[in-house]
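Working notes for the structure below.
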Amino acid sequence: MSKINEVKELVEAGKSKKIGTAVQVALDAGSQPGDILQAMVDSMSVVGDKFSAGEIFVPEMLIAAKAMSKGVDVLRPLMAGDNSSSLGTCIIGTVAGDLHDIGKNLVSMMIESAGFTMVDLGVDVSAEKFVAAIKENESVTLVACSGLLTTTMPALKEAVATIKASGLTGFKVIVGGAPVTPEYAAEIGADGYAADAGSAAVKAKELVG
Ligand code: B12
């Protein structure tokens, strides 16, 4: 089995203790960090499909998520950019009622590598907490809201509406997450949308630059 496939299988099986070494072995064997990351993202899709099919349940999803996070920890230093932070501060969080953070963390990592200073509010972030963070932090140029559940799309809408109604200015709002479409992003008044972490970084630069 190729080293990268081993990483894929360990994520699917939720083997947190083995994943760090497996990622390192894949890197040492010449795999690119981006390819290893993509393999882990693919694993999470497989896990989601198995959950949909009733083959696995929430605990299995959770241990797979933990394994992926451990794998990402090994890749993080290799994916980071120059950290010059010249594009200002980006506030990021997963919206209220939503506990998914892998995608948000990847988006955070890539936006950081594009030159932003990140302030990560974590998961289950209320609209008011986003607004408070914009007030508390200096030179906020971007607010990024993540939503992974169809049931939390209204929370995404509320976050954008509350941020826009706050009267605060000087930043753009970008939204994303699996159920979010460019049309929905536009409909709720977001300034930008991106489908994945790589394009989120490109869009972030475009919005702020
Ligand atoms: C892992 C996981 C969990 C873990 C999360 C752990 C964690 N720390 O994140 C746990 C076990 C907690 C969980 C719980 C639940 N989950 Co869940 N989960 C998943 C799973 C398998 C993987 C998600 C993931 O990490 N994907 C990998 C990342 C890299 O992809 P991503 O999140 O989509 O992010 C990318 C893009 O969307 C985008 N992006 C994301 N955020 C942002 C933000 C911005 C600003 C931008 C620009 C882009 C962007 O860029 C990211 C990187 O490329 C998905 C299945 C799937 N196919 O996604 C189900 C899934 C999302 N979960 C689902 C469900 C139903 C649930 C539960 C309701 C289950 C239950 N019965 O309790 C609960 C809800 C808990 C809650 N209140 O949030 C459904 C959602 C269905 C729907 N359409 O609403 C899915 C799709 C599974 C399924 N097929 O049914 N889950």
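Give me the net charge of V46's neighbourhood, meaning all other residues with Cβ under 14 Å from the Cβ of V46; Lys, Arg count +1, Asp, Glu -1.
So the surrounding residues net to -4.
Averaging the Cα positions of each part gives two centres, and for region 53-129 and region 1-34 these lie 20 Å apart. The charge dipole of the chain, taken about its Cα centre with unit charges on the Cβ atoms of Lys, Arg (+1), Asp and Glu (-1) only, comes to about 240 debye.
Annotation: the antiparallel percentage among DSSP beta bridges lying fully within region 86-208 is about 0.
Highest mean packing first, where packing is the average number of other Cβ atoms within 10 Å per residue, the peptides 42-49, 154-161 line up as 154-161, 42-49. Overall form of region 1-56: prolate. Here a/c, set by the Cα gyration tensor axes a ≥ b ≥ c, is 1.5 or more, and a/b is the larger of a/b and b/c. Expressed as a whole percent, the accessible surface of the chain that belongs to carbon and sulfur atoms is 54, based on a 1.4 Å probe. Which shape class, rounded, prolate or oblate, goes with region 1-103 when its Cα gyration tensor gives a ≥ b ≥ c as root eigenvalues, a/c under 1.5 marks rounded, and past that a/b bigger than b/c marks prolate? Judged from the Cα gyration tensor, region 1-103 comes out oblate (a/c at least 1.5, b/c at or above a/b).
This model, with +1 at the C-beta of Lys and Arg and -1 at the C-beta of Asp and Glu, gives region 86-208 a dipole about its Cα centre of some 180 debye. Relative to the dominant Cα principal axis of the chain, helix 16-28 is inclined by about 80°. Past 27 Å, Cα to Cα, is the threshold; run K8/K104; K66/K135; K8/K129 against it and keep the listed order. Flagged as over cut-off: K66/K135; K8/K129.
Across region 8-102, C-alpha contacts under 8 Å between residues 6 or more apart give a mean separation that, scaled by the residue count, equals a relative contact order of 39 percent.
With a ≥ b ≥ c taken as the square roots of the eigenvalues of the C-alpha gyration tensor of region 86-208, please select rounded if a/c is under 1.5 and otherwise prolate if a/b is larger than b/c or oblate if it is not? Don't jump to the answer; show the numbers that get you there.
On the way: a/c = 1.34, a/b = 1.12, b/c = 1.20.
Here region 86-208 falls in the rounded category.
With 31 Å as the limit on Cα-Cα distance, the pairs of K70/K203; K17/K172; K15/K203 that go past it are K17/K172; K15/K203. Here the mean projected area of the convex hull built on the C-alpha positions of the chain is 11.5 nm². Considering only alpha-carbon pairs that sit under 8 angstrom and 6 or more positions apart, the relative contact order computed for the chain is 17 percent. Using alpha carbons only, how many degrees (0 to 90, rounded to 10) separate the axis of helix 3-12 from the longest principal axis of the chain? Computed tilt is about 70 degrees.
Entry comment: accessible area of the chain is 49 Å² per residue, from protein heavy atoms only and a probe of 1.4 Å. Taking the longest Cα principal axis of the chain as reference, the axis of helix 58-79 is set at about 80 degrees.
The values are calculated or read from the model by the stated rules, or taken from the named source; none is laboratory data. Note that the structure is a prediction, hence the values are computed from the model and not measured. Using ideal geometry, Cβ is built from the backbone for each residue, glycine included, and neighbour counts are taken over all protein chains shown. Protein only, heavy atoms only, side chains kept; ligands, DNA and RNA dropped before computing areas. Shrake-Rupley method; radii C 1.70, N 1.55, O 1.52, S 1.80 Å.
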